[in-house]
Amino acid sequence: MTFIDPSWGVKSDYVHNLAAKGERADGRGMNDYRKIEVTTDFIPHAPGSALVKMGDTQVIAGISLQAGKPYSDRPNSGVLMTGAELVPLASPEFEAGPPSPKAVEIARVVDRCIRESDSIDMDKLCIEKGEAVWMVMVDMHVLNYAGNIFDAGCLAATAALHNTKMLKFEDGLVIKEKQKTKLPVKKKPVECTFVKVGDAVMLDPSLDEEHALDARITFGMVEKGLCAAQKGGKGSFTQPEIDSAFELAMKKAGELRKHI
Amino acid sequence: MGMKSDIKLIDAKGKRLDGRAIDEMRPLKIEAGVLEQADGSAYLEWGNNKVIAAVYGPRECLPRHKASPYGSTLMYRYNMAPFSVDDRKRPGRDRRSTEISKISEEALNKVVLTERFPNSMININVEVLQADAGTRCAALTAASVALADAGIPMKDMVASCAAGKAGDHIVLDLGKLEDNFGKADVPMAIVPHTGEIVLLQMDGDLSPKEFKTAMTLATKGCMMAYEEQKKALKAKYKGGGKK
Amino acid sequence: MREVVIPGEKLSEGTKLHAGQGTYKADDGVYANTYGLMNKREDAVSVVPLEGKYMPREGDKVIGVIEAIRFEAAFVDIRSAYNGYLPLDGRDRLKAGDVVLVDIASVNEINKVDLERPMKLYEGKLMDIPSVKIPRVVGHKGSMLELLRKSGVTLFVGRNGRVYIKGDTETVKKTEEALNMIVELAHTDGLTDKIKDFLEGESNGNEK
């Protein structure tokens, strides 16, 4: 049974009324992020990790490295895999079981953002052409769900990738011992998410704002342009709304990158 | 997207591999009301894409906990047949189809008057029989026709088309090679008479200016798809009888 | 012939016309919200649906199929988004699978459909047709129904698009063909005459 907070209706009206006046419940401006904290190497046993706090939202990204067979069409290229888990610990609305469409969407949008930004130098991850390459697994684990997992998750993933140390590969086996060399990561892809509530468009939605949203747009930003985008929600955006959100995302992406 | 190759996607005259101009869509053909069992249905061919959509409902909502007292629950299922792609696709749900189903469902929620049928559900099932790039747009365009054909009240249709980057050009409606070797893909869906954007995705590498050009071009493509949707629904009752 | 319109199609410029069934008003005009036939008059515009599920209404007579019996009540499939609920007293010997001609007693605001006065139907032909075509099957003041019954066939028409036909094989077949014709030609003019010609003619329905 899906959990429904009986007070959503009231909270949502409140968010709508404030938005119409250009205000937000936590006093932020429409284009402000909540306070962001990034702690890298949060899980020292993992090759790479980062904990991101974005307001009350907390996401850990952990990186695992495995050796595996490359895809036949890219025999000397490493492999990237991205997952997201919305574990019941993080919110009364999350359920145990196979990944929900929401979790799948988050994982795939972050995956696209990292992949398409060409951030990881995949060709350097070849161990033996056609036989063995490094597989980089990014797992986002939500600890507390208070809105905007897209941005927090992507920031955690990118921060963790930048902090990842390579493992040793000997006689066909991975030795779980962190090396000095780092994972070859060149860029800092980040995501900026906006939601539309009534006619107002705001950055970095809180939980109540996310429940009240009509539509959502996420931009995956890399240093010089766009590498991913995803619209969600049952409502729509006009072209000018998309244009101005995108302009702002270009600015905000720079701010986010400073945390890495 | 982004596979490396020496293939030239656009020749010196600005023609694409299949001879299309930069802003030219692949041929699109839609037929409404093709399945007898379904409440509404549509068959669509778009380039080499072949897609069939069926709508059932509104009907009793199962599982019951998905029912909403505020309106009908849309359930969109995008599915690729195992034989639709060169390498057999393992049957059943995967992450890609889960995501496409979710955002397509949300897009249709904007136009369907779900509040007319509280506690019920409307199933929209789309099968991709042959895939040739742009299947999510093809599926959504067909689904919208099937919904109208089921007599389900809607504010408007939803029409979908993608634009992308092949070589150094922003082009409409990527073909398969352009999808594999191109630099970016921007699938979009709009509500035709208001121009509202109900689905927007992007992957690849685009400058801010290119992104805007791609959206403008995709919007044009959506309007072309809309014209075909309209034709299909009008044709069903032309000349005095249902076929 | 009236024009076929699709959802979102603009039916009139400006908002002067009254927006009737199957339409809605936006800032700049009246639009269709249903796939159907446009009915435009001087002061109003509406759309008659060509397809669609039956929506239960109080007082309608429908033909239902009993899906289950639980706690002194039957749950009845009425070809709608909602099942009907039929309280039973000891005298109704109904079981799952039975077909009943039944009245809709009430429909409440959450679309709970209560049924009453069931009449069990035996060994006839049950036929499903789109519920939006039922008004044409009944005809003006029941004229079409009267025409169809002239052959002596027993014919019950549920407002939900279920039709029950009983009679000798030949008559049932002819009635069925006539009903299919009505469905196919429902949106055309002169329907009663066409059906009359068909039923009274010597032809067996093969000619067009």
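The values are calculated or read from the model by the stated rules, or taken from the named source; none is laboratory data. What you see is a predicted model, and the numbers here were worked out from it, not measured in a lab. Positions of Cβ are backbone-derived with ideal geometry, glycine not excepted, and every protein chain shown enters the neighbour counts. Just the protein is used for accessible areas: all its heavy atoms, side chains included, with ligands, DNA and RNA removed. Shrake-Rupley method; radii C 1.70, N 1.55, O 1.52, S 1.80 Å.
Couple of notes before you dig in:
- Given (1) modelled with pLDDT of 95 or more; (2) more than 8 Å from every other protein chain (Cβ to nearest Cβ); (3) surrounded by 22 or more Cβ atoms within 10 Å (Cβ to Cβ), number of the condition A:Ala212 does not satisfy: (1)
- Residues satisfying the stated conditions in the stretch A:87-104, i.e. touching a strand residue (DSSP E or B) at 6+ places or on another chain (Cβ under 7 Å) and open to solvent by less than 20 Å² (accessible area, probe 1.4 Å): A:Ala90, A:Ala103
- Scope the stretch C:108-120; condition surrounded by fewer than 17 Cβ atoms within 10 Å (Cβ to Cβ) and more than 14 Å from chain B (Cβ to nearest Cβ); matching residues: C:Glu116, C:Arg117, C:Met119, C:Lys120
- Looking across B:Met202, B:Met157, one residue alone is in contact (Cβ under 8 Å) with a residue 12 or more places away in the chain and within 14 Å of chain C (Cβ to nearest Cβ). It is B:Met157.
- Restricted to the stretch B:195-240, and to residues there that are hydroxyl-bearing (Ser, Thr, Tyr) and modelled with pLDDT of 95 or more, the residue that is least open to solvent (accessible area, probe 1.4 Å) is B:Tyr226.
- Entirely in the stretch B:118-187, the strands (runs of 3 or more DSSP E) that have 3 or more residues that are open to solvent by less than 10 Å² (accessible area, probe 1.4 Å): B:120-130, B:159-166
- Every listed requirement among (1) of a type outside the set (Val, Ile, Thr); (2) touching a strand residue (DSSP E or B) at 6+ places or on another chain (Cβ under 7 Å); (3) in a helix (DSSP H, G or I) is met by B:Lys209 save one, (2).
- Note on the stretch C:55-158: enclosed strands (runs of 3 or more DSSP E) holding 3 or more residues that are of a type in the set (D, E, K, R) and under 27 Å from B:Pro118 (Cα atoms) are C:61-70, C:113-121.
- Among the candidates B:Leu9, B:Leu44, the residue that is surrounded by 17 or more Cβ atoms within 10 Å (Cβ to Cβ) and either within 14 Å of chain C (Cβ to nearest Cβ) or closer than 20 Å to B:Ser160 by Cα (or both) is uniquely B:Leu44.
- The set of residues from the stretch C:5-28 being crowded, with 20+ Cβ neighbours inside 10 Å and within 19 Å of B:His193 (Cα to Cα) comprises C:Val5, C:Ile6, C:Pro7, C:Gly8, C:Glu9, C:Leu11, C:Ala19, C:Gly22, C:Thr23.
- Candidates in the stretch B:53-70 are the residues that are part of a strand (DSSP E or B) and open to solvent by 40 Å² or more (accessible area, probe 1.4 Å); of these, the one that is farthest from B:Ala146 (Cα to Cα) is B:Glu60.
- Hey, B:Ala32 within 11 Å of chain C (Cβ to nearest Cβ), in contact with a strand residue (DSSP E or B) (Cβ under 8 Å, 6 or more places away or on another chain), buried (at least 24 other Cβ atoms within 10 Å of the Cβ) and modelled with pLDDT of 95 or more or not: yes
- Among the residues making up the stretch B:74-89, those that are in contact (Cβ under 8 Å) with a residue 12 or more places away in the chain, open to solvent by 30 Å² or more (accessible area, probe 1.4 Å) and either closer than 20 Å to B:Ile103 by Cβ or among the basic types (Lys, Arg) (or both) are B:Met75, B:Arg77.
- The lone exception for B:Lys243 - which of (1) in contact with a helix residue (DSSP H, G or I) (Cβ under 8 Å, 6 or more places away or on another chain); (2) modelled with pLDDT of 95 or more; (3) open to solvent by 10 Å² or more (accessible area, probe 1.4 Å); (4) more than 8 Å from every other protein chain (Cβ to nearest Cβ) it fails: (2)
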